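Here's the structure we're looking at; comments come further down.
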Amino acid sequence: MAKVIISCAITGGIHTPTMSDALPITPEQIAEESIAAAEAGAAIIHLHARRPEDGHPTGDPEVFARFLPVIKQRTDAVINLTTGGSLTMPVEERIAAARRFQPEVCSLNMGSMNFALFPVAGKITEWKYPWEKEYIANSDDYVFRNSFRDIAYMFETLGGMGTKYEHECYDLSHLYTLAHFVDRGLIKPPFFVQMVFGILGGVGAHLENLVFMKEAADRLFGAENYKWSVLAAGRHQMPFITQAALLGGHVRVGLEDSLYIGRGELATSNAQQVEKIKRILAELGHEPATPAEAREMLGLKGADRTLI
């Protein structure tokens with residue numbers, strides 16, 4: 001059976017507490033959701049932090065410190081920390097946790113882009129916390145910045161700690177930006193490319209786009225030099241990542257990417273999404289990779305070499 005790495009993005013920095021009661025916001029909730037997702041079959045746990053009092057995204061390492069050791073003690077999952085943070089965070093705040101904890105993997109968006117969820121704001125009449133409506137409604141004016149200088153700064157600041165990157169590519173141009181840094185020698189094989197589809201402001205979730213992105217990546221990097229995974233936003237999540245698995249890719253689920261488990265049905269947990277994609281993969285003749293297998297495939301340094 002082909003081994004597929006399942007990543008699970010637990011909370012993210014774009015959805016807000018009003019959108020789903022299942023979205024974890026306290027350190028205790030994030031830890032429990034992460035542990036359950038790992039037990040369900042996720043080899044990689046991708047993590048953001050939230051202010052526990054109101055669920056607002058935060059890059060504060062002290063908040064991360066309240067759940068990272070718990071996850072490490074109770075699972076063998078690969079811990080992947082965000083450097084994306086949220087759309088409103090400066091780069092220093094976005095990389096603070098990765099700098100402190102030196103994880104096995106951290107995410108790295110490979111370019112600036114419009115990143116929007118503002119159409120949702122008009123569908124919600126009552127919000128749990130005052131910050132939420134403005135945060136979502138104003139996303140029609142957000143540019144998620146990651147310039148060449150920003151990306152180089154992250155490599156320089158986080159370099160030397162042995163951390164690998166989940167290179168998040170929301171469009172074809174991001175693959176070419178990644179190729180630029182490969183040519184500069186700042187990224188060494190095997191590296192991990194996360195292709196992102198269905199975000200308003202990024203490439204659409206159409207199979208033709210997936211095939212085109214994969215063919216471009218093969219041409220730019222050589223298929224033997226990288227591993228690739230796919231995430232898709234909202235309603236596209238399960239059908240689109242299933243198509244990716246059929247083409248030989250790895251997959252990512254989680255409440256960061258979609259709050260739903262089926263049409264019109266909110267997911268009750270991250271683990272529920274992991275369990276669903278694991279069942280689908282089994283029907284396709286695939287088996288979820290263990291954390292040890294994911295570490296070997298991605299050339300990771302091991303959990304014992306982090307500061308978590």
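The values are calculated or read from the model by the stated rules, or taken from the named source; none is laboratory data. Quick caveat: nothing in here was measured; it's all calculated off a predicted structure. Quick reminder, even Gly has a Cβ in these numbers, built from the backbone with ideal geometry, and neighbours come from all protein chains shown. For the accessible areas, the whole protein counts, side chains as well, though only heavy atoms, and no ligand, DNA or RNA atoms are used. Shrake-Rupley method; radii C 1.70, N 1.55, O 1.52, S 1.80 Å.
Name the long-range amide H neighbours of M195: under 5 Å, sequence gap of 5 or more, or other chain; modelled H, no Pro or chain starts.
C169, S229, V230, L231
Note down the magnitude of the dipole of the chain about its Cα centre, charges +1 on Lys and Arg C-beta and -1 on Asp and Glu C-beta and zero elsewhere, to the nearest 20 debye. Walk me through the numbers before you get to the answer.
Numbers: 29 positive and 37 negative charges, 92 e Å.
Its charge dipole is roughly 440 debye.
What net charge do the residues around D60 carry, taking every other residue with its C-beta under 13 Å from that of D60, with Lys and Arg at +1 and Asp and Glu at -1?
Surrounding charge for D60 is +2.
Relative contact order (percent) for the stretch 68-204, with alpha-carbon contacts under 8 angstrom and 6 or more residues of separation?
Details: 189 pairs, mean separation 36.6, N = 137.
For the stretch 68-204, the relative contact order is 27 percent.
In whole percent, what relative contact order does the stretch 186-240 give with Cα contacts below 8 Å and a gap of six or more residues?
Working: 56 pairs, mean separation 28.0, N = 55.
RCO, the stretch 186-240: 51 percent.
At 1.4 Å probe radius, can you tell me the per residue accessible area of the chain in Å²?
On a per-residue basis, the chain sits at 41 Å².
Give the range of the longest stretch in the chain that excludes all GluC sites (Glu not before Pro) found in loop regions by DSSP and having at most 15 other beta-carbon atoms within 10 Å. Kindly include the intermediate steps, with their values, before the conclusion.
Values: sites that count: E53, E126.
Longest site-free region, per DSSP loop and neighbour criteria: 127-308.
Taking trypsin sites (Lys or Arg not before Pro) as exposed when DSSP calls them loop (any state but H, G, I, E, B) and at most 10 other Cβ atoms lie within 10 Å, what is the longest stretch of the chain free of them, the sites themselves excluded? All intermediate terms of the calculation are to be shown ahead of the outcome.
Details: sites that count: R184, R263.
The longest such stretch corresponds to 1-183.
Label-point separation (nm) for K301 and E126, each offset 7 Å from Cα along Cα-to-Cβ?
If labels sit at K301 and E126, their model points lie 4.9 nm apart.
For L186, tell me the accessible area in Å² from a 1.4 Å probe, rounded to the nearest 10.
For L186, the solvent-accessible surface is approximately 80 Å².
Starting from the coordinates of the alpha-carbon atoms of the stretch 1-102, obtain the Kirkwood hydrodynamic radius over all distinct pairs and give the value in Å to one decimal.
On the way: mean 1/r = 0.0730 Å⁻¹.
Here the Kirkwood hydrodynamic radius works out to 13.7 Å.
Please list the radius of gyration and Dmax for the stretch 1-51, considering alpha-carbon atoms only, with Å as the unit.
Cα radius of gyration and Dmax of the stretch 1-51 are 12.0, 42 Å respectively.
With θ taken as phi - 60° and the coefficients 6.51, -1.76 and 1.60, list the Karplus ³J(HN,Hα) couplings across the stretch 227-239 in order, rounded to whole Hz; mark glycine and proline as x.
10, 10, 9, 10, 10, 9, 7, x, 5, 7, 3, 5, x
Output the antiparallel fraction of DSSP beta bridges having both residues in the chain, as a percent to the nearest 5.
Here the share of antiparallel DSSP bridges comes out near 15 percent.
Over every pair of different alpha-carbon atoms in the chain, take the mean of 1/r and invert it; report that Kirkwood radius in Å. Don't skip to the end; give the middle numbers.
Details: mean 1/r = 0.0525 Å⁻¹.
After inverting the pairwise mean of 1/r, the radius is 19.1 Å.
Which value in deg cm²/dmol, rounded to the nearest 500, describes the helix-derived mean residue ellipticity at 222 nm for the chain, given -39,500 (n - 2.57) per DSSP H run of n ≥ 4 and division by the residue count? Kindly include the intermediate steps, with their values, before the conclusion.
Working: 11 runs with 113 residues, N = 308.
Computed mean residue ellipticity for the chain: -11000 deg cm²/dmol.
Just the Cα atoms of the stretch 119-253: what Rg and Dmax do they give in Å?
Rg and Dmax of the stretch 119-253, Cα atoms, are 17.0, 50 Å.
With θ set to phi - 60°, apply the Karplus curve 6.51 cos²θ - 1.76 cosθ + 1.60 along the stretch 135-148 and write out the HN-Hα couplings as whole Hz, x wherever there is a Gly or Pro.
4, 6, 4, 7, 5, 6, 10, 8, 10, 7, 8, 8, 6, 4
Check which residues have an amide H placed less than 5 Å from G204's amide H, if you skip close sequence neighbours.
For G204, the qualifying residues are G198.
With θ taken as phi - 60° and the coefficients 6.51, -1.76 and 1.60, list the Karplus ³J(HN,Hα) couplings across the stretch 44-60 in order, rounded to whole Hz; mark glycine and proline as x.
Here the 3J(HN,Hα) series is 10, 10, 9, 10, 10, 10, 10, 5, x, 6, 8, x, 5, x, 9, x, 4 Hz.
Name the long-range amide H neighbours of G254: under 5 Å, sequence gap of 5 or more, or other chain; modelled H, no Pro or chain starts.
A9
Determine, from the Cβ-Cβ distance of E28 and R149 and an R0 of 30 Å, the FRET efficiency 1/(1 + (r/R0)^6), rounded to the nearest 0.05. Spell out each step's value before the answer.
On the way: r = 38 Å, r/R0 = 1.26.
Using R0 = 30 Å, I get an efficiency of 0.20.
Report the relative contact order of the chain, percent, no decimals, based on alpha-carbon pairs under 8 angstrom and at least 6 residues apart.
Reported relative contact order: 25 percent.
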